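Down below is the structure, laid out as structure tokens.
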């Protein structure tokens, strides 16, 4: 909803040659804090004025648990343009976004930021009663669900990318130094693990694609077939799609049903399906969407490598990685990388427990160093997904076609944005007409 504000922020930052922009891949996402704050200030100024603080939900939860307001460096760094060395953007820049934002840092945020892994406080008596835990139990500084999953799969060093795959996908990676990677969501010192810079990229629509297809385009006959076989409709579609040879559907999709987070950083882009005929079936579309999301991940991996950030191993966590071998094999084939799977079906919860143990320290039964905590608590499954050479060769051909469409519709032809603008105008006109009637 804040894409208009994000566009304006990015334009102003470019004109002013703001150095922070490159650490976010050249663009600040509409999903991040300042575009959203701009939108509030413009569309609901009374709410902005009344807000004592603007706080990430993760920090608010920690505040509720232990009574201490300790904002974490992960969300501050990735979502709020905060830097460990230079802090937030200048008051002058923030004023250029909107006059109300001139003093937002000291009025509604804070420059008092704490690192992930630190202790925020102890569990209050009230929350101990609600959770069944002991009062005083260590509460770690807040973290983001994707970032906190990295230690859960045993990653404590660079070169290993983790995909957290669900409705969307986040790609997490450790590095030794800051590199400028086009379209990344951000690079933050100590943002994932202490002692390393943490890179983030992502795809804003993955599992949501598949749910959309099932909700709107899967015929009743398929639903009955799944019911008769006592399997989920996802499993039925996966079985049918798995019987198709690579390229047999004749389809190629752009996975932008919810915009593009990386590497184009543009929420106004939309999805596309090329090659449909009267013979196209739901499983053809399903497979094409799965393949498109895998191509999108490959774009991200290649962009990091081309920017000097090595990716030598690939890991996956989340519902899709846990439940769908069909999808994971396609990802292995498209990326030509073996994929290791989280040993826990709830990687963010396990990662949170690891940071909780770190916050507690050895004196309270936890650990004093993240590597020690990960060695005892992180885990992956014995099963992996290995690329199949003949599949890799075929997907290389399709990926080349995907890249052409990616560049054309993502950078050269704005037809998607023109259509979206017309749609929005017509929607407003229709709603206004109904209100008048």
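Quickly rank 142-151, 127-136 as a protection proxy: mean count of other C-beta atoms within 10 Å, highest first. Kindly include the intermediate steps, with their values, before the conclusion.
Working: 142-151: 25.8, 127-136: 12.1.
Taking the mean over residues of other Cβ atoms within 10 Å, the ranking is 142-151, 127-136.
Cβ-Cβ distance of residue 224 and residue 346, R₀ of 25 Å, FRET efficiency by 1/(1 + (r/R0)^6): the value works out to about 0.15.
The listed peptides 72-82, 2-12, ordered by packing as a protection proxy, come out as 72-82, 2-12 (highest mean of other Cβ atoms within 10 Å first).
Taking 226, 58, 294 in turn, the Gaussian network model of the chain (Cα-Cα springs below 10 Å) assigns the largest fluctuation to 226. Take 382-389, 403-410 and order them by the average number of nearby Cβ atoms within 10 Å per residue, most first; the result is 403-410, 382-389. Comparing Cα centroids, the stretch 232-285 and the stretch 35-73 end up 38 angstrom apart.
Where (i) 22.3, 75; (ii) 22.8, 70; (iii) 28.0, 116 are the candidate values, the label of the one calculated here for Rg and Dmax of the Cα atoms in Å is (ii).
Between residue 323 and residue 422, residue separation times 0.36 nm minus the direct Cα-Cα distance comes to 31.7 nm.
Translational diffusion coefficient of the stretch 114-236 (Stokes-Einstein, Kirkwood radius from Cα pairs, 20 °C, 1.002 mPa s): 120 µm²/s.
Ratio of Rg to Rh for the stretch 1-144: 1.03 [Cα atoms; Kirkwood radius as inverse mean 1/r over pairs].
No lab work stands behind these numbers, since they all come straight from the coordinates. As the structure is a computational prediction, the values presented were derived from the model and not from experiment. Cβ atoms come from the backbone with ideal geometry, glycine included; neighbour counts cover every protein chain shown.
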